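Please read the structure below before turning to the comments.
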Amino acid sequence: MPLDKTKAPFTLPKLPYAEDALAPVISARTISVHYGKHHAAYVKTLNELVAGTPYEALSLDDIVVRAAGDKDAAAKKIFNNAAQAWNHEFYWHSMTPKVGAPTGKVKEALEKSFGDLAGFKKAFAQAAGGHFGSGWAWLVKGKDGALRIETTANADTPIARGGTPLLVADVWEHAYYLDYQNRRADHLAAWLDKLVNWRFAEKNLA
Ligand code: MN
């Protein structure tokens, strides 16, 4: 995503598609709660927490990085809500109702790191499926330019450590429970086959 230098009070970013556009993999009911309640709450809470603090002068990206390095309890709350606001916006863009296939540089990079698209899907499903508890599964570009998969717990995000994410899957239960209940692996398989926004990954790689 291009760096967004907007400062607080933040507004809930627009969804890049209609709430029913990702069905049946992700139902309109799930999006309505996930975007309209969870994501909205992270943005609202963040605005309340940064009001009157030095964080008020920073962009969302900068709040995530600064709060990650600050260990007091108030900064931890700010980090959790800022990172969740950032991660969710990135997540909505990581999906598209018009799934294609990776092309160009992202295709080359996937082949170099995972052999082929099937190899990537297998590795991603394994990492995301095996992540214990709430969190996120990321495709990231390492400092050496190679692609790798990383999972983070709760609100944690690679951008806190200067990482370059290309895609993310939300593995909190709220992302799939209404549609798949405990079947996280089935949700991830469908997500990988039907929803991945490869154009977005390509833009983030560039
Ligand atoms: Mn979520």
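Farther than 22 Å from LEU46 by Cβ, more than 14 Å from the chain's Cα centre (by Cα), buried (at least 16 other Cβ atoms within 10 Å of the Cβ) and not assigned by TED's automatic domain parsing to the domain that holds VAL50, is that true of LYS141? Before you say what the answer is, go through the steps one by one.
Values: farther than 22 Å from LEU46 by Cβ: yes; more than 14 Å from the chain's Cα centre (by Cα): yes; buried (at least 16 other Cβ atoms within 10 Å of the Cβ): yes; not assigned by TED's automatic domain parsing to the domain that holds VAL50: yes.
Considered against the rule, which asks whether it is farther than 22 Å from LEU46 by Cβ, more than 14 Å from the chain's Cα centre (by Cα), buried (at least 16 other Cβ atoms within 10 Å of the Cβ) and not assigned by TED's automatic domain parsing to the domain that holds VAL50, LYS141 comes out as yes.
Just name the residue that is farthest from the chain's Cα centre (by Cα) out of those in segment 38-80 that are away from the ligand (no atom under 16 Å from the Cβ) and basic (Lys, Arg).
Looking at residues that are away from the ligand (no atom under 16 Å from the Cβ) and basic (Lys, Arg), I get LYS71.
The rows are residues; the columns are (1) outside the structural domain of LEU166 (by TED's automatic domain parsing); (2) out of contact with any helix residue (DSSP H, G or I) (no Cβ under 9 Å at 6 or more places or on another chain); (3) over 18 Å from HIS174 (Cβ atoms).
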| site | (1), (2), (3) |
| --- | --- |
| SER59 | yes, yes, yes |
| ALA68 | yes, no, yes |
| ALA75 | yes, no, yes |
| ASN80 | yes, no, no |
| ALA83 | yes, no, no |
| GLU89 | yes, no, no |
| GLU111 | no, no, yes |
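Cβ-Cβ distance below 6 Å, separation of 6 or more or different chains: which pairs start in segment 23-36 with a residue that is touching a residue at least 40 places away in the same chain (Cβ under 8 Å) and end on one that is of a type outside the set (Lys, Arg) and within 11 Å of the ligand (Cβ to nearest atom)?
HIS34/HIS174
Residues that are within 16 Å of the ligand (Cβ to nearest atom) and surrounded by 20 or more Cβ atoms within 10 Å (Cβ to Cβ): does segment 104-126 have at least one?
no
Please enumerate the residues belonging to segment 17-35 that are away from the ligand (no atom under 12 Å from the Cβ) and in a helix (DSSP H, G or I).
We begin by selecting, within segment 17-35, every residue away from the ligand (no atom under 12 Å from the Cβ); these are 17-25, 27-29, 32.
Those that are away from the ligand (no atom under 12 Å from the Cβ) and in a helix (DSSP H, G or I): ALA28, ARG29, SER32.
Select from segment 50-66 the residues that are over 23 Å from TYR35 (Cβ atoms) and in a helix (DSSP H, G or I) and list them in ascending order. Outline the logic, then answer.
Within segment 50-66, the subset over 23 Å from TYR35 (Cβ atoms) is 51-58, 62, 65-66.
Within segment 50-66, PRO54, TYR55, GLU56, ALA57, ASP62, VAL65, ARG66 meet the criteria.
Yes or no: ALA83 part of a helix (DSSP H, G or I), closer than 22 Å to ALA153 by Cβ and within 16 Å of the ligand (Cβ to nearest atom)?
Numbers: part of a helix (DSSP H, G or I): yes; closer than 22 Å to ALA153 by Cβ: yes; within 16 Å of the ligand (Cβ to nearest atom): yes.
It is true that ALA83 is part of a helix (DSSP H, G or I), closer than 22 Å to ALA153 by Cβ and within 16 Å of the ligand (Cβ to nearest atom).
What is the number of the single condition among (1) surrounded by 15 or more Cβ atoms within 10 Å (Cβ to Cβ); (2) in a loop (DSSP other than H, G, I, E, B) that GLY133 does not meet?
(1)
Within segment 156-206, work out how many residues are outside any helix (DSSP H, G or I), touching a residue at least 60 places away in the same chain (Cβ under 8 Å) and among the β-branched types (Val, Ile, Thr).
Of the residues in segment 156-206, 3 are outside any helix (DSSP H, G or I), touching a residue at least 60 places away in the same chain (Cβ under 8 Å) and among the β-branched types (Val, Ile, Thr).
Those residues that are within 22 Å of GLY119 (Cβ to Cβ) and either within 16 Å of the ligand (Cβ to nearest atom) or buried (at least 20 other Cβ atoms within 10 Å of the Cβ) (or both), I need them from segment 159-189; list them, please.
In the first step, residues of segment 159-189 are kept if they are within 22 Å of GLY119 (Cβ to Cβ); the result is 163-169, 171, 184-189.
Scanning segment 159-189 gives PRO165, LEU166, LEU167, VAL168, ALA169, VAL171, ARG184, HIS187, LEU188.
Condition first: under 10 Å from the mean Cα position of the chain (by Cα) and of a type outside the set (Asp, Glu). Now tell me which residues in segment 159-177 satisfy that. First the steps, then the outcome.
If we filter segment 159-177 for residues that are under 10 Å from the mean Cα position of the chain (by Cα), which is where we start, we get 165-171.
Residues satisfying the conditions are PRO165, LEU166, LEU167, VAL168, ALA169, VAL171.
Name the residues in segment 96-136 that are free of Cβ contacts under 8 Å to residues at least 40 places away in the same chain and under 22 Å from ARG161 (Cα atoms), would you?
Passing the criteria: SER113, ALA127, PHE132, GLY133, SER134, GLY135.
The values are calculated or read from the model by the stated rules, or taken from the named source; none is laboratory data. Just so it is clear, the model here is predicted, and its values are computed rather than measured. Don't worry about glycine lacking a Cβ; one is built from the backbone with ideal geometry, like all the others, and counts go over all protein chains shown.
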